[in-house]
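The values are calculated or read from the model by the stated rules, or taken from the named source; none is laboratory data. All values reported here derive from a predicted model rather than from experimental measurement. Cβ placement follows ideal geometry from the backbone for every residue including glycine, while neighbour counts extend to all protein chains displayed. These area figures cover heavy atoms from the full protein model, side chains too; ligands, DNA and RNA do not enter into them. Shrake-Rupley method; radii C 1.70, N 1.55, O 1.52, S 1.80 Å.
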Amino acid sequence: MAESEEEVNVLVQRVVKDITNAFKRNPNIDEIGVIQCPEARCNRSPIVLVENKLGVESWCVKFLLPYVHNKLLLYRQRKYWLDREALGDITCTLLLLNPDFTTAWNVRKELLQCGVLHPEKDLYLSKLALTRFPKSPETWIHRRWVLQQIQSRKQEQGDAAQVDGERSHQLSDHLARTLHQEMKVCSNAAGRYPSNYNAWSHRIWVLQQMAKGNVKVFHDELSSMRLWVSMHVSDHSGFHLRELITELSKTPAANTITTCPSQCQSVATPSTSPHHHSCARSNGQLSRGDNGTDEEERQLSSTTVLQLFHQEMELCSDLIQSYPGHETLWSHRRHVFYLWHHWKREHQHLSSSDNSSSVNGNRQKVESHGGDGGLPKVNGESCADQVESQKERSPTVEPMDVDVLSLHDSKRLKRGVPLLSITLSSEHSFLDEIMDRCSNPEQRRFALAYEKWLDTVIGQRP
Amino acid sequence: MLDKHADYIAAYGSKKDDYEYTLSEYLRMSGIYWGLTVMDLMGHLPRMNRNEIIDFIKACQHECGGISASIGHDPHLLYTLSAVQILCLYDSLESIDVDKVVAYIVGLQQEDGSFAGDKWGEIDTRFSFCAVATLALLGKMDKIDVDKAVEFVLSCMNFDGGFGCRPGSESHAGQIYCCTGFLSLTGQLHQVNADLLGWWLCERQLSSGGLNGRPEKLPDVCYSWWVLASLKIIGRIDWIDKAKLRRFILACQDDEMGGFADRPGDVVDPFHTLFGIAGLSLLGDDQIKPVNPVLCMPEDVLQRNGVQPDILS
């Protein structure tokens, strides 16, 4: 084992070179790690490349890290000269070992700005670092910076080539690819560390920055993450993302964009993009008819929102019943109900303020049940059972204008499956059912807390 | 036990090998703040090397006015706050160029009122807190657009009364601490929904007595501090079982070597040692100096500096 300073220098320089060569030999390395190995083995490099996995033997890390760390700091203080290539290699080694070393990422930002490093290379390096350090805040921060660089470069190119259809086609493909890649990186990190705040807030940032108001992307997110959250019922962050997307999907901006292709292009996908068609189609297959009115658009998009809420509450109920005693699921229920409650109220307000507008064609009025609105009678199937149980306990529930429920092209309704209503009383029925059947003390505790929350936070509001 | 904790901190700086030192050098300035603050809270500050530390801070101030975690590292708001906190403990703010620090912070405020952590532009409510906390300690709050800064922080408030790192982000006890602290320093605590937020914060207490930072996470001494301090700031500290929390924090001590860990049985470190001791202080332990919940500094130091952040009653 190397001991003298000179020997350490020689060893470390060789190892840095081995790492650089490993990346040249296999550009598809997808994971890094430390191999527990207390002693050096003769004439063997401590860098091990097996298939797409790069390993560093643990004995050399304690020499390697201080050496590259100090070299970089000396360079930063202008006490030691490193050429650009060496800087790239040293920071790469350094960050794979200690990715929270902010200054090393900053050195790479400078190299990127002067064109020595390619942005894709840093997306790759940070992705690898996250396989070993899935929380590393500085790695996520660097990633966001690189993505912004790429975005603004593309923007400049896009501005310069506005009339060049071929070019803008490429740009939107690039955006879709980047989006997909980021989602993959986030999912990977979320799988490696539960409730990974940095990974999930990065995901939110990406959706906010790159998919601004694009309901197609939002809905793809919801459906693609459905299985994931069902398998990670303690992951509060995963559910938070669903809550946020639900919230974003119900905002007028998101829905306007859905039904307005021109706006959709300008925000997310430049012209001639294949995405703009899918975007226009995205909102529950809501293609806009030529004689469509604003009112109709509003009603159509509200169908989708309504469906979204129902699907989310249904998922939540299923999971609460299948996996008793998970605070995350009950917290999710609070948030979704809260969003629903407010959307419903806002929507009622809108509907009652201009319910004189005529809506033609493909919308069908749904029959309301008693004072417990929102409960549709579809294809002759009655939801009376639920109504009865809800009527008993819902003196406070406001009637909901079921005009908001359009049946247009709703797959679910076509199949004749009724949407269960979401009301304060249906929530109480759900709770009664849980309390009746449940022997899990945690589940009971969360159920009682939810009941108290409904009574104080929701019940109190005018 | 307090003497053991002080011995642990006093010995911490000297026993590190190269490898461990380099691993954590990127946050050295905050490490020094944790160590010195806990020593001051226990009445052992004179054991630390004042002159060496002040010289170190001077060497970490950059041309732009910002301060870095260590020599040769890049400046950042996180370490600028830590450095200013240390200098307040030592009553020697004059050692650095204060006007330049102020200019550095002013330069990081964005149009929407948020703050970037450094010149590369990352936005986070933590940085809003760092900015106003530093300016409050320097008595220069008027140099930034406070209204805009408040607007941004409030835009990060969630339905549960909590706050996240950016608009739309999940509520997180660490971010809540930063945001309630921010609103305290800017005199805007009335904008918090104290009952709703208090509710969420209380739900962080687990059967062990310890507090977690988000639903279904493990209890942790540092989250216990962030939640407890936030409850104190919004005047709801009596909503949790204080005796149980105290027992949890005490169980995280290393009885032989001193210091606190994140959870009982884990390895101790200075970070959790500060938040363990500060938590005990907020819970009313009279062997420890009273700690300020907003700035996590001894109250007597803040009185000397004329800083009195708001607390809801």
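The overall shape of chain B, judged from the alpha-carbon gyration tensor, is oblate: a/c is not under 1.5, and a/b is no greater than b/c. Taking N as the residue count of region B:193-303, its C-alpha radius of gyration divided by 2.2 N^0.38 Å amounts to 1.00.
To put it simply, the accessible area of region B:86-206 at a 1.4 Å probe is 47 percent carbon and sulfur. Taken per residue, the accessible surface of region B:108-186 reaches 27 Å², heavy atoms only and a 1.4 Å probe. For region A:1-117, a/c is not less than 1.5, where a ≥ b ≥ c are the root eigenvalues of the C-alpha gyration tensor, and a/b does not top b/c. That puts it in the oblate class.
Legend: calculated FRET efficiency, B:Cys64 to A:Lys53, from the Cβ-Cβ distance at R0 = 35 Å, rounded to 0.05, equals 0.25. Ordered from highest to lowest accessible area with the whole protein assembly present and a 1.4 Å probe, B:Phe127, B:Phe159 read as B:Phe159, B:Phe127. Of the residues A:Tyr450, A:Ser426, A:Cys438, the one whose Cα sits farthest toward the positive end of the charge dipole of region A:423-462, with +1 on the Cβ of Lys and Arg and -1 on the Cβ of Asp and Glu, is A:Tyr450.
Using DSSP, restrict attention to beta bridges with both residues in region A:31-153 and report what percent are antiparallel, rounded to the nearest 5. The answer is about 45 percent antiparallel. Atom-type composition of the exposed protein surface of region A:28-110 places 49 percent of the accessible area on carbon and sulfur (1.4 angstrom probe). For chain B, modelled as a GNM whose springs connect Cα atoms under 10 angstrom apart, the maximal fluctuation among B:Gly276, B:Gly284, B:Gly164 occurs at B:Gly284. With bins 5 Å wide beginning at 0, the percent of Cα pairs of region B:108-186 falling in each bin runs 3, 18, 31, 27, 15, 5, 1. Along the axis of the charge dipole computed for region A:33-174 (Cβ charges of +1 for Lys and Arg, -1 for Asp and Glu, origin at the Cα centre), the listed residues A:Gln151, A:Pro66, A:Ser172 are led at the positive end by A:Pro66.
Would region B:1-101 count as rounded, prolate or oblate if I go by the C-alpha gyration tensor, calling it rounded below 1.5 in a/c and otherwise prolate when a/b exceeds b/c, oblate otherwise? Taking the square roots of the gyration eigenvalues as a ≥ b ≥ c, region B:1-101 is oblate. When nucleic acids and ligands are ignored and a 1.4 Å probe is applied, B:Phe163 ends up with an accessible area of around 0 Å². I want to check the label-to-label distance for A:Gln148 and A:Arg78. Put each point 7 Å from Cα in the C-beta direction and report it in nm to one decimal. Between A:Gln148 and A:Arg78, the simple spin-label model gives 2.7 nm.
Shielding value for B:155-166 is 3, the average number of Cβ atoms from other chains within 10 Å of each residue's Cβ. Annotation for A:Asn43 and A:Arg437: the two label points, set 7 Å from Cα along the Cα-Cβ direction, are 6.9 nm apart.
Take region B:1-101 with all the other protein chains still there, run a 1.4 Å probe, and you get 40 Å² of accessible area per residue. Surface burial for B against A, with a 1.4 Å probe and both sides summed, reaches about 3600 Å² of accessible area. Projecting the Cα positions of B:Thr80, B:His5, B:Leu23 onto the charge dipole of region B:1-101 (unit charges on Cβ atoms of Lys, Arg, Asp and Glu, taken about the Cα centre) puts B:His5 furthest along the positive direction. Note on region A:421-462: with charges restricted to the Cβ of Lys and Arg (+1) and Asp and Glu (-1), its dipole about the Cα centre is near 140 debye. Model label sites at B:Asn51 and A:Ser224, defined 7 Å from Cα along the beta-carbon direction, differ in position by 6.1 nm.
Computed with a 1.4 Å probe on the full set of protein chains, the accessible area for B:Tyr26 sits at about 50 Å².
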